[in-house]
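Undergrad: Before I ask anything, here is the structure I am working with.
The values are calculated or read from the model by the stated rules, or taken from the named source; none is laboratory data. Since the model is a prediction, treat every value here as computed from it, not as a measurement. Methodologically, a virtual Cβ is constructed for each residue, glycine included, from the backbone with ideal geometry; neighbour enumeration extends over all protein chains shown. Calculation scope for accessible area: heavy atoms of the full protein, side chains included, ligands and nucleic acids excluded. Shrake-Rupley method; radii C 1.70, N 1.55, O 1.52, S 1.80 Å.
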Amino acid sequence: MSRSARLLDLLQVLRRHRQPVSGQVLADELRISIRTLYRDIATLQAQGAHIDGEPGIGYVLRPGFMLPPLMFSEDELEALVLGSRWVAVRADTPLGLAARDALAKIAAVLPADLRESLDANLLIAPGESVVESVDVSIIRRAIRFERKLGIHYRDVNGVCTQRIIWPFALGFFDRVRMVVAWCELREDFRHFRADRILSLEPGEERYARRRQALLQAWRESEGIETA
């Protein structure tokens with residue numbers, strides 16, 4: 001196993017332990033010597049990982065540290081690049097620009113041969129343009145901050161209604177964007193096509209349940225198994 005792969009494994013093990021874990025336990029799990037473990041801990045700390053602890057006490061990784069892209073495997077990098085390129089051409093404009101910026105940051109720190117390989121090997125076929133009557137980034141912002149949205153919606157039969165919704169997920173399909181939300185009018189979960197939202201009004205009021213709780217309840221109602 002390469003040293004970079006071992007460092008990645010060490011980080012993954014630390015992330016699984018929310019409480020301090022002894023060096024010997026970490027070394028045994030990784031099948032390395034305690035001396036090697038101490039060196040690897042020091043290397044990660046030098047790279048910016050917030051690992052608290054010391055020999056004989058235990059170690060814990062504070063959240064927020066991400067490995068630089070060079071620490072990803074080639075398969076992992078290809079997955080990131082492919083996904084980012086799909087978002088760049090299929091998502092709303094602000095999200096697409098963010099995907100391009102992310103790709104530029106990854107490419108900036110890759111070796112030249114690997115960067116050229118990714119540029120040549122992974123292509124996204126052009127898709128049909130998605131026409132939307134509202135700014136989807138406003139919906140994404142409402143989801144992120146758990147805020148209610150007022151919408152004027154036209155259903156498949158052409159009937160228009162005013163709704164107050166609690167958006168908690170947004171599905172990106174090739175031709176449509178689907179907002180998953182709790183609807184105050186129907187007092188139930190509903191799916192709203194973004195291209196049928198005639199107008200929307202972002203609100204400052206936070207909805208009553210947390211986004212993750214709504215997502216879990218929706219999955220259960222749809223019979224969707226969680227990973």
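Undergrad: Can you give me the ranges of the helices (runs of 4 or more DSSP H) entirely in region 1-61 with at least 2 residues that are touching a residue at least 60 places away in the same chain (Cβ under 8 Å)?
TA: 3-16
Undergrad: What pairs come up if the first residue lies in region 175-194 and is in contact (Cβ under 8 Å) with a residue 12 or more places away in the chain and within 15 Å of A217 (Cβ to Cβ), the second is assigned to a strand (DSSP E or B) and open to solvent by 70 Å² or more (accessible area, probe 1.4 Å), and their beta carbons are under 7 Å apart, counting only those six or more places apart or on different chains?
TA: Note: pairs meeting the criteria are V180/H191; A181/R190; C183/R190.
Undergrad: If you scan region 144-171, which residues turn out to be among the hydrophobic types (A, V, I, L, M, F, W, C) and open to solvent by less than 50 Å² (accessible area, probe 1.4 Å)?
TA: L149, I151, I165, W166, F168, A169, L170
Undergrad: How many residues does region 190-215 hold that are open to solvent by 70 Å² or more (accessible area, probe 1.4 Å) and either acidic (D, E) or not in a loop (DSSP other than H, G, I, E, B) (or both)?
TA: The number of residues fulfilling the criteria is 8.
Undergrad: Then there is this: So, of the residues in region 30-81 that are of a type in the set (D, E) and either modelled with pLDDT of 90 or more or touching a strand residue (DSSP E or B) at 6+ places or on another chain (Cβ under 8 Å) (or both), which turns out to be most open to solvent (accessible area, probe 1.4 Å)?
TA: In this case the residue turns out to be D52.
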